[in-house]
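The values are calculated or read from the model by the stated rules, or taken from the named source; none is laboratory data. This structure is a prediction, so every number in the text was calculated from the model and none was measured. Virtual Cβ from ideal backbone geometry, glycine too; neighbours counted across all protein chains shown. Note: accessible area is taken over every heavy atom of the protein model, side chains too, but ligands, DNA and RNA are not part of it. Shrake-Rupley method; radii C 1.70, N 1.55, O 1.52, S 1.80 Å.
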Amino acid sequence: MVFGLLVVCSVFTLAGKDRKAARGPGHFTYSFVENKGQWENRIRYKTTLPYGNLFVEDNCLTFFFLDEKAVNRLLGYKYLDSIKKQQLGIPDPDIPAHAYRVRFEGADPHPEMTSSDRYPDYKNFYLGNDPSHWASKVYQYREVVYHSLYKGIDLQLAQQEQRLKYNFHIAAGADPGSIQLRYEGAGKVRLRKGKIMIETSVANIEELAPVAWQEAADGSRIPVECGYKLQNNTISFSFPKGYDKSKKMVVDPILVFSSYSGSPVDNWGYTATYDNDGYLYAGGSVRDPGYPVTTGAFMMNYGGGISDIAISKYDTTGSFLIFSTYLGGSGTEVPNSLVVNNNNELYVLGCSGSSNYPTTPQAYSTVFKGGTAYTLTVILHYNYGSDIVISRFSQDGTSLLASTYFGGTGNDGLNSFPPLKHNYADDARGEIKIDENQNVYVVSSTQSVDLPVTQGAYQTTFGGVQDACVFKLDASLTYLLWSSYLGGNTADAGYSICFDKSGKFYVAGGTTSLNFPVTLNAYQTVYQDGGSDGFISCFNESGSSLAYSTYYGSTGYDQVYFIDQDKQGYVYALGQTSASGMTYIFNVSWSTPGGGQFITKFLPNLSARVYSTAFGTGNGGPDISPTAFMVDYCNHIYLSGWGSPGLNYFGGTSGLPVTGNAFQTTTDNNDYYFMVMNGDASGLIYATFFGDSDPAAAEHVDGGTSRFDKKGRIYQSVCAGCGGHDGFPTTTGAWSSINGSTNCNNAVIKFDFKIPLSVADFIHPLSG
């Protein structure tokens, strides 16, 4: 079979002229309204843009924009008090506007055009007193396609992630060089960093750079280099290294949004998650008043002490904050992990050193038990020890629905023993998950001999030095359903958790214990004696026994930082190692001997490996600190991590593999790294760096987890711009394109990898 070529050319992003820290339009829907005679005949469809319109015509696209400031000045006049009105005077009702066309040079002047994915509602137009311009039951569509606009080439218009996008579908044998887009009426058209920049008298418009891949028979991606060419205000496309005309081509990993918090006070990035609507939630720490909070948020004032947790919920475009709040007491707090339940209510897992952390009256525990003094990441002092805290916010962030302490008289929620504390901020790891019944599961670390454990739990006594701990609370954080230690007689730490379809669940982490509990059929029943090993353990539903448990290590340093399951129940582990050679390479065709990061696929009972691969620079040690991991519905494997030798004293991002369609192909050795691998470990689908080009900015994470959703999008929290830098890549219209502080800002990234898969979403109606 001969496949065509799909070139996703552009995403339109509108920015008000000369704005540095823009506030975007929020939830914008680009619906294509059909013309049934209510407009001029040349218009086939019309869609509303932020402060403008797009007219879809046979041989061109016509863009029309109004001056945003003038519009807001006119619309906001009635809200001013009388003194302000007198001072400013009545605003000019004539709004400056600008229109330009993108003409399809050499195309079919009257191509066939179809629309699809119709919205259920319709519009009625009664314009003027001429009935010929009246139209009823005018429908709107999510997608419009020009068929054979050029010979063998279709043009598709659609919305994606609140942005307008156009895609060229190029059939086998068709010539992509025939596509010629001439810009008429724009003030200036230029290329900058691969993007098209269109300047008008009222607004600046960006069209994002095209990226491309071809789809092989097994569904994997083959990157294709693609770019714009500009000559005499006419855009065409180039494929410098060519492409295989017999294979299907798909284009387009997209940076949906990226933003600083914009806080004028120092704030650090820890953890992020998402909800059913694609909103991003970021959790960080902040050490002074001044963090941007929203009106009506649960806690609008800084709690005092050394640091509070800061929680911010961004809209799907990253252009504004839905809510933003402090969370903390008079001591020290940091977040470890975030998760959202089916009602879009946010749960926060954190570590508190405050005796007055906000708790709710019916909480499981309202008493801080503390521990011994400890300093986290150099300056965050837990003077009276630490407890684990879990808090649940309302959907709008105005109420704390439930909040509780959990801990004993030792330090809880801190992993403070080397070599388990291997990366910078490994002491702030742990994870929270929600099961299908909305119960809350937590895996973390404890040094308490009197941690609350339940009768009949698998391990009711403290193993020694430090144990992993696993516990389950009800949704209201009122009842401890079960709780267990997990560890041997030295140091153990718990990092990650995932659920099995049968009701069991897996946890993973690191251990230095020769007597860590393992089961008879385990892949490794003996500690490998390399300073530390990873472990994976599977509990039964009641937490009363281990169904499966294994060490996973070598004669070098090893830990398992994340685990996930595929739909067949196989278990995947992501970890670090200092093992050399082929130790972690088994039954795969893509690997790096001596790579410092491993991905291993286990049988569900952990008795054997299906495959294992290592990747990295091959220097015999870890390169990056892992922050997120996921296996999607089609078994593609996603991961993220960061490298910074200045913080970790090892590794870095230089030398890590990237693909030809990477968002960022170069690194200063202190960046973020995103990677997607084929499910059989046969090769990379996508890999990119992400970060400031100045190594002094040194992007990193101060502890905690971020997450991928099952559609292949990452929601990542980062500590960015440290030292007052502003070079972190942000998107047009982002909440803040600048680091407002003299040190660090909690920056966020939502990145859609656009891996081909089909996911059905169902929203059931409420019952009355």
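General remarks:
- Of all residues in segment 612-630 being aliphatic (A, V, I, L, M) and out of contact with any Asp or Glu (no Cβ under 8 Å at 6 or more places or on another chain), the one that is nearest to residue 556 (Cα to Cα): 614
Residue-by-condition table, conditions (1) open to solvent by less than 20 Å² (accessible area, probe 1.4 Å); (2) farther than 24 Å from residue 585 by Cβ; (3) among the acidic types (Asp, Glu):
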residue: 526; (1), (2), (3): no, no, no
residue: 531; (1), (2), (3): no, no, no
residue: 536; (1), (2), (3): yes, no, no
residue: 539; (1), (2), (3): yes, yes, no
residue: 543; (1), (2), (3): yes, yes, no
residue: 546; (1), (2), (3): no, yes, no
residue: 551; (1), (2), (3): yes, no, no
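- All conditions in (1) farther than 14 Å from residue 599 by Cα; (2) assigned to a loop (DSSP other than H, G, I, E, B); (3) open to solvent by 40 Å² or more (accessible area, probe 1.4 Å) hold for residue 583, with the sole exception of (1).
- Selected residue (criterion: nearest to residue 513 (Cα to Cα)) from residues of segment 442-467 that are open to solvent by 20 Å² or more (accessible area, probe 1.4 Å) and either hydrophobic (A, V, I, L, M, F, W, C) or in contact with a His (Cβ under 8 Å, 6 or more places away or on another chain) (or both): 465
- Selection status of residue 624, crowded, with 21+ Cβ neighbours inside 10 Å and free of Cβ contacts under 8 Å to residues at least 40 places away in the same chain: no
- The criterion of at least 3 residues that are open to solvent by less than 10 Å² (accessible area, probe 1.4 Å) and modelled with pLDDT of 85 or more is met, among strands (runs of 3 or more DSSP E) falling completely within segment 167-284, by 267-274.
- Residues that are out of contact with any helix residue (DSSP H, G or I) (no Cβ under 9 Å at 6 or more places or on another chain) and open to solvent by less than 70 Å² (accessible area, probe 1.4 Å) within segment 35-50 comprise 35, 43, 45, 46, 47, 49, listed in sequence order.
- Failed condition for residue 349, given (1) part of a loop (DSSP other than H, G, I, E, B); (2) crowded, with 21+ Cβ neighbours inside 10 Å; (3) over 17 Å from the mean Cα position of the chain (by Cα): (1)
- Qualifying residue in segment 630-651 (condition: within 21 Å of the chain's Cα centre (by Cα), surrounded by fewer than 23 Cβ atoms within 10 Å (Cβ to Cβ) and assigned to a strand (DSSP E or B)): yes
- Selection within segment 503-551: residues that are under 22 Å from residue 444 (Cβ atoms) and acidic (Asp, Glu). The member of this set that is modelled with the highest pLDDT is 533.
- Any hit, segment 588-598, residues being at pLDDT below 95, in contact with a Pro (Cβ under 9 Å, 6 or more places away or on another chain) and open to solvent by 10 Å² or more (accessible area, probe 1.4 Å): no
- Segment 285-310: number of residues that are on the phi > 0 side of the Ramachandran plot and surrounded by 20 or more Cβ atoms within 10 Å (Cβ to Cβ): 1
- Total residues in segment 688-719 satisfying the condition of being surrounded by fewer than 21 Cβ atoms within 10 Å (Cβ to Cβ) and in a strand (DSSP E or B): the figure is 1.
- Per-region count, segment 75-111, residues loosely packed, with under 10 Cβ neighbours inside 10 Å and touching a Ser or Thr at 6+ places or on another chain (Cβ under 9 Å): 0
- Single residue of 132, 116, 148 found to be of a type in the set (Gly, Ala, Ser), open to solvent by 50 Å² or more (accessible area, probe 1.4 Å) and in a strand (DSSP E or B): 148
- Among all residues of segment 109-129, there is none that is more than 23 Å from residue 33 (Cα to Cα) and modelled with pLDDT of 85 or more.
- Checking residue 342 against (1) in a strand (DSSP E or B); (2) among the polar types (S, T, N, Q); (3) closer than 21 Å to residue 497 by Cβ; (4) under 20 Å from the mean Cα position of the chain (by Cα), the condition it does not meet: (1)
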